[in-house]
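Step one of this worksheet: look at the structure below.
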Amino acid sequence: MKRLIAILSGIVIALLFTSAASADRPARDFLPAGDLTLEDVCPFDVGLEIIENKEFITTFSDGRLLITGTFKVRVTNLDSDESLDLNISGPGFVIPNPDGSVTLDAHGTWLFWFFPGDLGPGSPGRLFVNNGHFVETIGPGGITIDKQSGSQQDICAALA
């Protein structure tokens, strides 16, 4: 649920910074992002530091959002200071659904995290990079992974 709140909050913030899209022409605006600490996704806290953000969000009149541009982060094990620099530039679409859920259709390289229980009762926390195609739906009933292809890198293991 924390992930749902974080993603939906990010979308709302992005929409506040974007101009309204007309029926004829989509609006393209800078997508702000900030550093954060992830707790409970790994056996240790993980710092997520933005090292380059040249990411943009394009808002279409039908409500779809396209995220493109360069986005690089440093992930750090806050217990050991072990870190990795990641280029997670995507791109991907955020698609609002009629039932109030949101679908992320991500291509390329993205960083994903799930808190314990996000993927169902008893599911562990996860932090990984997906390089390929990843589709998830986030709604009031929780998060579902609809498609995952390509390669994955377990970031918790890499930072341990």
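The values are calculated or read from the model by the stated rules, or taken from the named source; none is laboratory data. Just so it is clear, the model here is predicted, and its values are computed rather than measured. Glycine also receives a Cβ, built like all others from the backbone with ideal geometry; neighbour counts cover every protein chain displayed.
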Based on this model, can you work out whether G150 counts as free of Cβ contacts under 8 Å to residues at least 40 places away in the same chain, farther than 26 Å from F44 by Cα and not acidic (D, E)?
yes
Over the range 104-121, the set of residues buried (at least 18 other Cβ atoms within 10 Å of the Cβ) and in a loop (DSSP other than H, G, I, E, B) is F115, D118, L119
- Determine if the range 127-145 includes at least one residue that is surrounded by 17 or more Cβ atoms within 10 Å (Cβ to Cβ), part of a loop (DSSP other than H, G, I, E, B) and either among the hydrophobic types (A, V, I, L, M, F, W, C) or modelled with pLDDT under 95 (or both). no
Flagged in the range 48-89 as touching a Phe, Trp or Tyr at 6+ places or on another chain (Cβ under 8 Å), in a strand (DSSP E or B), acidic (D, E) and surrounded by fewer than 17 Cβ atoms within 10 Å (Cβ to Cβ), in numbering order, are E52
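Scan the range 90-103 for residues that are part of a strand (DSSP E or B) and of a type outside the set (F, W, Y) and jot them down.
Answer for the range 90-103, where residues must be part of a strand (DSSP E or B) and of a type outside the set (F, W, Y): G90, P91, G92, V94, I95, P96, V102, T103.
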Residues of the range 125-136 being under 19 Å from V41 (Cα atoms) and touching an Asp or Glu at 6+ places or on another chain (Cβ under 6 Å), in sequence order, are G125, F128
When the range 27-40 is checked residue by residue, the ones that are surrounded by 18 or more Cβ atoms within 10 Å (Cβ to Cβ) and either in contact with a Cys (Cβ under 7 Å, 6 or more places away or on another chain) or without any contact (Cβ under 8 Å) to a residue 60 or more places away in the chain (or both) are L31
Of those in the range 57-109 that are among the β-branched types (V, I, T) and farther than 21 Å from I138 by Cα, the residue nearest to the chain's Cα centre (by Cα) is V73
